[in-house]
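Please read the structure below before turning to the comments.
The values are calculated or read from the model by the stated rules, or taken from the named source; none is laboratory data. Because the structure is a prediction, the values reported are computed rather than measured. All Cβ positions, glycine included, derive from the backbone under ideal geometry; neighbour counts span all protein chains shown.
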Amino acid sequence: MYSFEQLKIFVTVVETGSFSATARKLNRAQSGISQAISNLEIAINQTLFTRNKNIPSLTISGKALLPVAYSILHQQKYFNQKVDALAKNYEHEVIIAIDESLNNQDILKVIAPLADQFPITNFEIISTTTDDVENLVKIGKAQVGIIYSDGELKVDMDFFLLGQARFLTISSPEHPLAKLKAVTSNDLKAHRQCVHRSLSQKELWFSYAISSRIWYANTHQTLIDLVVQGIGWALVPELAIKRYINQAEVVTLPVTHEQGGWLTPVGCVVSRSQSTGPVLQSLINRLQQHFLKSASAGIKQF
């Protein structure tokens, strides 16, 4: 019967190109490497290498078995990682819910290193509205949520601040509102509004419907697309519309009561219904450290 050690030596010979290089890499005697390969060939009744001029070259059987050997060694590594994770009580799965307009490269760069730090933990990232994110964390279907914060105390979950986001009121360049030098609330009420609303029909506290004519969408991207089509005006995250402004597909409106846009806090909610294991704690630490680093250079903008 072959061993994992023999398979490791087999693939190392292929990678290094010689028995002597394999011996140096594995800190073994060259005779021991040769003997291990010979024993493996006897165990599987196949010749793996030709040995012309002492340069090992894969046979047809060797070429066929090499990917299988890699697969077996990979599964062994995964098995050992799993055993180690169970011994350290690492979570098997961590679910992160993020408001769809906040789920960007900046956030993902903070989360990405966890893949190498906890290779056997499965991560699930859910993009939805702030209201739906809070509900998922509240009922324990997500351990962490990243949301727009209304400043209210979260009695059933922990909360910490990450930064703030700027929202701007936009329309298409051809929209009647785009022709005004100053836009009042009454001007906005007179035109169709595209409003962000969750699946439970809850609107964000700062971008609720004020017009009598409304189109609803549960993603800010859809709101932007509606505005581009000239359907109406909308209040959307600044970072989401930079490309559209540069391409003159939308314009920002000079709203008199929101000069410079609307700033709202961005924060992280953490479930209290589930215990905080090493993986979840590392995620929280990374988010907090990222915020502190950004705060030292000024308030983090999303």
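Per the conditions (1) touching a Leu at 6+ places or on another chain (Cβ under 9 Å); (2) assigned to a loop (DSSP other than H, G, I, E, B); (3) of a type outside the set (Phe, Trp, Tyr); (4) farther than 22 Å from ASP131 by Cβ, the sole criterion not satisfied by ILE210 is (4).
When SER200, SER207 are checked against the criterion of being modelled with pLDDT under 95 and surrounded by fewer than 16 Cβ atoms within 10 Å (Cβ to Cβ), a single residue qualifies: SER200.
Counting the residues of the stretch 4-33 that are assigned to a helix (DSSP H, G or I) and more than 24 Å from LYS77 (Cα to Cα) gives 3.
The set of residues in the stretch 138-173 being in contact (Cβ under 8 Å) with a residue 24 or more places away in the chain and in a loop (DSSP other than H, G, I, E, B) consists of ILE139, GLY140, LYS141, ALA142, GLN143, SER149, ASP150, GLY151, LYS154, ASP156, SER172, PRO173. When you check LEU199 against the structure, is it closer than 14 Å to PRO254 by Cβ and either in the same structural domain as VAL251 (by TED's automatic domain parsing) or of a type in the set (Phe, Trp, Tyr) (or both), yes or no? Spelling it out, it is not the case that LEU199 is closer than 14 Å to PRO254 by Cβ and either in the same structural domain as VAL251 (by TED's automatic domain parsing) or of a type in the set (Phe, Trp, Tyr) (or both).
Each residue in the stretch 197-207 was checked for being assigned to a loop (DSSP other than H, G, I, E, B) and either within 13 Å of LEU235 (Cα to Cα) or in contact with a Phe, Trp or Tyr (Cβ under 6 Å, 6 or more places away or on another chain) (or both), and 4 of them qualify.
When you check SER296 against the structure, is it under 30 Å from GLN143 (Cα atoms), of a type in the set (S, T, N, Q) and modelled with pLDDT of 90 or more, yes or no? Criteria not met by SER296.
Which of the residues belonging to the stretch 34-64 are among the aliphatic types (A, V, I, L, M) and in a helix (DSSP H, G or I)? Residues satisfying the conditions are ALA36, ILE37, LEU40, ILE42, ALA43, ILE44, ILE60, ALA64. Would it be correct to say that LEU162 is buried (at least 19 other Cβ atoms within 10 Å of the Cβ), in contact with a Lys or Arg (Cβ under 8 Å, 6 or more places away or on another chain) and either closer than 30 Å to TYR244 by Cα or at pLDDT 95 or above (or both)? Yes; evaluated as a whole, the condition is true for this residue. Scanning the stretch 174-191 for residues that are out of contact with any Pro (no Cβ under 9 Å at 6 or more places or on another chain) and assigned to a loop (DSSP other than H, G, I, E, B), we see that the one that is surrounded by the most Cβ atoms within 10 Å (Cβ to Cβ) is HIS175. Just one of the numbered conditions (1) more than 30 Å from ASN285 (Cα to Cα); (2) in a loop (DSSP other than H, G, I, E, B); (3) in contact with a strand residue (DSSP E or B) (Cβ under 7 Å, 6 or more places away or on another chain) is not true of CYS194: (2). One residue stands out among those in the stretch 240-260 that are buried (at least 16 other Cβ atoms within 10 Å of the Cβ) and not hydroxyl-bearing (Ser, Thr, Tyr): the one that is modelled with the lowest pLDDT, which is GLU258.
Name the single residue that is farthest from GLY267 (Cα to Cα) among those in the stretch 100-135 being assigned to a helix (DSSP H, G or I) and charged (D, E, K, R). Top of the filtered list is ASP116.
The number of residues in the stretch 203-232 that are charged (D, E, K, R) and touching a Gly at 6+ places or on another chain (Cβ under 9 Å) comes to 1.
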